[in-house]
Amino acid sequence: MTTNSAKMDFDRALAVGRPPNVVRLFPNSRALIVSGKVIDRAMLAKGKAMTIAANARNYIIIRGVMQAAQKANAAVIVEIAKSEGGRNAYCAVNYWNMARQVDQVMNELGVTVPVAIHADHYAIKSHRDLDDARWEIPSMFESGITSIAVDASHLPDDENILANIALSPFIPAWAGRETEVGEIKGKEGLSTPEEALFHIQALNAHGIFPDWIALNNGTTHGIEASAQGIQVGLTAQIHAAIEKYHVSGAQHGTSGNSSERLIEIRNRTNTTKANVATALQMISWGVEVNDYGNAAIDNEGVPVKVPGEGVSEELWAAMVAYAKDKGITGGNYKKLNLPFENWILSQPREIRERMAKRVEDFVHHLLVEVFGAKDTAPLAIEKIIRAGSYDLGPKTERIEDPAEWTEERIRERARAITSTKGPAGDFED
């Protein structure tokens with residue numbers, strides 16, 4: 001494709017591909033912020049490809065990810081989870097300001113790849129959460145969210161389904177949609193094909209067609225020292241069980257998994273979305289991170305910083321001192337994001353740029369060498385142009401009979417599901 005042809009296609013996609021909430025917020029923008037559906041379809045069009053869903057725990061990460069995406073010509077997702085950026089956030093980037101920050105960076109840097117803004121792990125753990133979601137979810141879309149993961153996996157199987165059904169009217173039909181079966185908690189409480197099929201069938205009967213499904217397939221959030229990681233065979237088995245419903249996989253907790261295993265999940269399963277969170281935070285700060293995305297931790301639980309990389313040595317010393325004073329070690333260094341955001345942003349330009357460059361290099365390697373997402377941006381743009389719209393519609397149609405999936409029948413069927421949910425506890429990140 002010639003440069004002029006590519007520019008013409010971008011302009012055509014820009015004219016019709018931005019959802020109405022994005023157009024309303026940023027009427028003069030040239031950032032191609034799109035539905036999560038567009039990103040998923042681009043990966044499917046390439047085949048055996050998945051892209052990064054980068055958790056933007058700080059503004060520097062957004063810059064680094066955008067630079068990497070443009071360099072790789074890859075369609076990507078920027079996201080934040082409820083624990084990171086909800087009402088009880090530990091990050092300054094949140095559900096309500098993330099789109100603004102992404103839009104600003106894209107326009108400043110001249111980024112032309114399609115980007116989705118994803119509300120990850122929008123957790124529903126109680127009836128109070130469900131009640132709050134009825135007004136909170138619309139406020140998030142009003143603030144530029146273009147994709148959402150309704151995560152009621154903490155609840156019993158029937159309540160998980162019923163929560164997804166109850167919240168469906170508050171999610172725009174054009175938006176990307178992720179659902180989750182099995183709370184992410186490592187080797188405990190693994191998801192099963194039976195659970196996943198039950199979940200997707202019930203949603204299908206109610207006219208809900210998720211773009212992605214997240215599973216507990218053996219991985220965890222945060223810094224993971226175990227070699228267990230993703231169970232590729234189990235993931236492939238579950239994806240095969242729900243294949244006719246055309247639901248792609250969302251891989252959570254990529255930290256703790258080698259490049260080889262991530263390539264295997266890409267090649268052997270229907271995964272198109274790969275969440276990366278803790279590794280990006282640590283990399284931006286200058287912490288030493290191995291191929292598994294795990295930070296090096298010393299004997300006192302302090303991440304090992306590479307001299308001359310990431311934040312200034314003065315800032316790092318202050319962060320470590322603060323952590324020691326608060327009793328923060330290891331993975332809980334995530335709690336430093338909010339109190340140190342302004343100090344990070346006030347560092348000299350050369351410091352901020354080296355932080356972003358470190359993220360860029362890491363993400364570019366993932367997109368090109370591991371995820372197979374290189375050159376997926378034109379595929380996403382082509383999908384928008386062919387549809388002539390920001391709304392690509394569902395990948396399937398209603399297959400299940402709604403009469404067989406009433407609330408009473410869902411609860412009855414749930415009692416027959418055999419599964420082990422694993423230990424109770426807080427597994428969010």
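The values are calculated or read from the model by the stated rules, or taken from the named source; none is laboratory data. Every value quoted in this text rests on a predicted model; they were computed, and no experiment measured them. As a convention, Cβ positions derive from the backbone with ideal geometry for all residues, glycine included, and neighbour counts pool all protein chains shown.
Here is how the numbers come out for the structure above:
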item: Yes/no for LYS7 being assigned to a helix (DSSP H, G or I), free of Cβ contacts under 8 Å to residues at least 12 places away in the same chain and either among the basic types (Lys, Arg) or buried (at least 16 other Cβ atoms within 10 Å of the Cβ) (or both); result: yes
item: The stretch 321-348 - residue that is at pLDDT 95 or above and among the polar types (S, T, N, Q) and, of those, nearest to GLU309 (Cα to Cα); result: GLN347
item: Residue match in the stretch 63-77 (condition: closer than 20 Å to ASP151 by Cα, within 16 Å of the chain's Cα centre (by Cα), at pLDDT 95 or above and of a type in the set (A, V, I, L, M)); result: yes
item: Extreme residue, nearest to the chain's Cα centre (by Cα), among residues of the stretch 239-298 that are assigned to a loop (DSSP other than H, G, I, E, B) and among the polar types (S, T, N, Q); result: THR254
item: Selection count where residues are in a loop (DSSP other than H, G, I, E, B) and either touching a residue at least 60 places away in the same chain (Cβ under 8 Å) or touching a Pro at 6+ places or on another chain (Cβ under 9 Å) (or both), scope the stretch 10-53; result: 11
item: Some residue of the stretch 54-62 being part of a strand (DSSP E or B), within 18 Å of the chain's Cα centre (by Cα) and either crowded, with 24+ Cβ neighbours inside 10 Å or at positive phi (or both); result: yes
item: Long-range neighbours under 8 Å by Cβ, at least six apart or interchain, first residue crowded, with 19+ Cβ neighbours inside 10 Å within the stretch 334-356, second at pLDDT below 95 and assigned to a helix (DSSP H, G or I); result: LYS334/THR278
item: Scope the stretch 357-379; condition surrounded by fewer than 20 Cβ atoms within 10 Å (Cβ to Cβ) and among the acidic types (Asp, Glu); matching residues; result: ASP361, GLU369, ASP375
item: Pairs where the first residue, in the stretch 273-302, is closer than 30 Å to SER35 by Cβ and the second is among the polar types (S, T, N, Q), C-beta under 6 Å, 6+ apart; result: ALA274/GLN251; ALA274/THR254; VAL276/THR254; ALA277/ASN55; THR278/SER255; ALA279/SER255; GLY293/SER255
item: Residues of the stretch 112-137 that turn out to be over 15 Å from LYS82 (Cβ atoms) and under 19 Å from the mean Cα position of the chain (by Cα), as a count; result: 4
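Residue-wise test of (1) over 16 Å from the mean Cα position of the chain (by Cα); (2) closer than 17 Å to LEU280 by Cβ.
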site: ASN21; (1), (2): yes, no
site: ALA31; (1), (2): yes, no
site: SER35; (1), (2): no, no
site: ILE39; (1), (2): no, no
site: GLY47; (1), (2): yes, no
site: THR51; (1), (2): no, yes
site: VAL93; (1), (2): no, yes
